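Bear in mind that the values in this text are calculations on the coordinates, not laboratory data. Keep in mind that this is a model prediction, so the values were computed, not measured. For neighbour counting, all protein chains shown are included, and Cβ atoms are generated from backbone atoms with ideal geometry for every residue, glycine included.
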Ligand code: NI
Ligand code: MN
């Protein structure tokens, strides 16, 4: 499975011949100016919650690609209003099979207002199980004991976790999250984009390695096999 990082909490996963794009916040991010949002491939567009730093480029990408949106019912409805051809609205605890695998929506402890003030429903994380890999994207969240439930029904290969602190868990809590979710490898996201979420990446790497968990911090635009 191939993962490409687009900065902040935006990344794509290629699996089973499909491209799953998560939380696109690319054109407003100066650090991601090397990424051409006009040509990004996308078959499925997964949005963890309604905040602008997760949906900024979502309407344009959905309009251009015709990708299927997967999000909370409220964010999915908002995306339909913005021209998304197909949007699958879900909510906490629900799972659904797609042609690339299964998506289960899990709790995230955060908020979810949309940029225009619309109600965005519940913020979510996603556990995605494909024939290749099982992975968890936390979305924006605090550390929560709900993460302990994940290994009861999924054996994760990877977790993509927020590590930037201030608005979400920091890297110390993300180490705990990886433990609870049963993830041996972590890709860190949602850090260094804005001054409040600048972190000491040396300290972050040490916190994970001390816990026996691999932390991957791909550069913006970098693709890694995971
Ligand atoms: Ni947020
Ligand atoms: Mn955010």
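Key figures
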quantity: Rounded if a/c under 1.5, otherwise prolate or oblate - the stretch 53-161, Cα gyration tensor axes; calculated: oblate
quantity: Beta bridges per DSSP with both ends in the stretch 43-162, % antiparallel, nearest 5; calculated: 55
quantity: Most fluctuating residue given options 66, 52, 94, as computed from a GNM of the chain linking Cα atoms under 10 Å; calculated: 94
quantity: Within a Gaussian network of the chain (alpha carbon springs, distance under 10 Å), most fluctuating of 152, 64, 133; calculated: 152
quantity: Least to most buried among 132, 38, 74 (fewest other Cβ within 10 Å first); calculated: 38, 132, 74
quantity: Taking 162, 105 and counting other C-beta atoms within 10 Å, the order from fewest to most; calculated: 105, 162
quantity: Linear extension gain, residue 39 paired with residue 222, 0.36 nm per residue minus alpha-carbon span; calculated: 64.3 nm
quantity: FRET efficiency estimate (nearest 0.05) - Cβ-Cβ, residue 210 to residue 111, R0 41 angstrom; calculated: 0.85
quantity: Antiparallel DSSP beta bridges within the chain, percent to nearest 5; calculated: 55
quantity: Inter-site label distance for residue 146 and residue 119 at 7 Å from Cα along Cβ, in nm; calculated: 1.8
quantity: DSSP-defined beta bridges in the stretch 99-226 - what % are antiparallel, rounded to 5; calculated: 50
quantity: Relative contact order %, the stretch 72-188, counting alpha carbon pairs below 8 Å whose residues are six or more apart; calculated: 18
quantity: Candidates 134, 112, 209: whichever shows maximal mean-square fluctuation once the chain is modelled as a Gaussian network with Cα springs under 10 Å; calculated: 209
quantity: Average Cα contact separation per residue, the chain, under 8 Å, 6 or more apart, as relative contact order %; calculated: 18
quantity: Net length gained if the chain between residue 88 and residue 64 were fully extended (0.36 nm per residue, minus Cα distance); calculated: 6.9 nm
